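What follows is a short report on a single structure.
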Amino acid sequence: MNKPICLFDSGIGGLTVLKKLIDRFPNENYIYLADLARVPFGDKTKEEIKKIGSEILEWLLKFNPKLIIMACNTSSAVFGSQILALSSKLQIPIYGMIESCAKEIANLNHSKITVWATKLVTKSNAYKNIIQKHNPEIKTEEIACPKLVPMIEDLTFNLPDKESIIVEYLDMTSKDSEALVLGCTHYPLIKENLLRLTDLQIIDPTDSLLKDLENHLTGGKDISWNVPTTNKSQVSLYTTAQVEKLERFAKLYLCRDIKVTMVSLNKITV
Ligand code: DGL
């Protein structure tokens, strides 16, 4: 069998990455782990995320992955430049969410951009540091939005309340900013609301990641000609809690029935 692409996140957010991957690479197989027992990641300490991330990577290795994607900006920021070292130690390519997007932004003509992200991502200045390194002319504002992940994970949240929280963060966003980077994989799930509420250009880092992955998975060949019309990918979902919620959401969002398997990773409790 084709070795799988393994992804992880704290919850449903990483499914926004998985969905775009399935659309672009329909012949690949996917394993996704949601660590719903420990969501949200963004309010934890760097040390806690290091432990959680290492534990999840170790668990994913048993699937003999073709590559691993940290479908989580928080883990990507905490592991940062160590992702490369980890990749060569494990002899498996590991991709984070931040590097490819920040580099692409550095090549754009914006004078000021805003990144919405979790507390831990903004604390690390992960986007700002890479953008500045490649293009010191671009001003980068990073805003922590700790209310968004719990709101998005709460699938019962009603619309007016939801939008008032989004407006709170839009009010904190500089008026002269030209683009809004969704620096958390949960945020594309409120993209429709954002499009209604702001004129800012919305940037989803998954789009930059896909371009990087294209080179890796196709060896630079254009595969748009041989993408089959029927989707053949096998998708397996695992979670550390809330099986029923993930199953219900995945059915709606990925438009397919996928059985979710419960796993226990809690060697550490944080
Ligand atoms: N979706 C993740 C991210 O991109 C994690 C958010 C969280 O659990 O706080 O940062």
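What separates the Cα centres of region 96-175 and region 1-45 is a distance of 20 Å.
Taken one residue at a time, the phi angles of region 185-200 give Karplus couplings (6.51, -1.76, 1.60, θ = phi - 60°) of 5, 6, 5, x, 6, 10, 4, 4, 5, 4, 4, 6, 9, 9, 9, 4 Hz. Gly and Pro are set to x. Scalar couplings 3J(HN,Hα) for region 139-148, obtained by applying the Karplus form with A = 6.51, B = -1.76, C = 1.60 to θ = phi - 60°, are 7, 10, 10, 10, 10, 7, 10, x, 7, 6 Hz; x denotes Gly and Pro. Each peptide in 72-83, 182-193 gets a packing score, the mean of other Cβ atoms within 10 Å over its residues, and the list from highest to lowest is 72-83, 182-193. Considering only 153, 47, 104, the mean-square fluctuation computed in a Gaussian network model of the chain, springs between alpha carbons under 10 angstrom, is largest for 47.
In this structure, residue 119 and residue 254 have a Cβ-Cβ separation that, at R0 = 41 Å, corresponds to a calculated FRET efficiency of about 0.90. When only the Cβ of Lys, Arg, Asp and Glu is charged (+1, +1, -1, -1), the dipole of the chain relative to its Cα centre reaches about 760 debye. Work from the charge dipole of the chain (Cβ charges, +1 for Lys and Arg, -1 for Asp and Glu, about the Cα centre) and give the residue of 165, 114, 126 farthest towards its positive end. Toward the positive end, the furthest listed residue is 126. Once you have the Cα-Cα distance between residue 103 and residue 176, take 0.36 nm times their residue separation minus that, and quote the gain in nm to one decimal. Taking 0.36 nm per residue and subtracting the Cα distance, the gain is 24.1 nm. For residue 235, the residues whose amide H sits under 5 Å from its own are 30, ignoring neighbours fewer than 5 places away on the same chain, with H placed 1.01 Å from N. Protection proxy ranking of 32-44, 247-259, 128-140, by the mean of other Cβ atoms within 10 Å over each peptide's residues and highest first, is 32-44, 128-140, 247-259. Could you compute the FRET efficiency for residue 202 and residue 3, with r as their C-beta to C-beta distance and R0 at 30 Å, rounded to 0.05? Rounded to the nearest 0.05, the efficiency is 0.35.
Would you work out which of 17, 53, 195 lies farthest towards the positive end of the dipole of the chain, given +1 charges on the beta-carbon of Lys and Arg and -1 on that of Asp and Glu, about the Cα centre? Selected residue: 53.
Taken about its Cα centre, region 72-163 carries a charge dipole of about 360 debye when Lys and Arg each add +1 at the Cβ and Asp and Glu each add -1 at the Cβ.
Multiplying the residue separation of residue 244 and residue 50 by 0.36 nm and subtracting their alpha-carbon distance yields 67.1 nm.
Applying 0.36 nm per residue to the separation of residue 161 and residue 66 and subtracting their alpha-carbon distance, the gain on full extension is 30.0 nm.
Can you list residues from other chains, or at least 5 along the same chain, whose modelled amide H is less than 5 Å from the amide H of residue 8? Amide H neighbours of residue 8, under 5 Å, 5+ apart: 33, 69, 71.
Throughout, read-outs are computed from the coordinates displayed, never taken from laboratory work. Everything quoted here is computed from the prediction, not taken from an experiment. Virtual Cβ from ideal backbone geometry, glycine too; neighbours counted across all protein chains shown.
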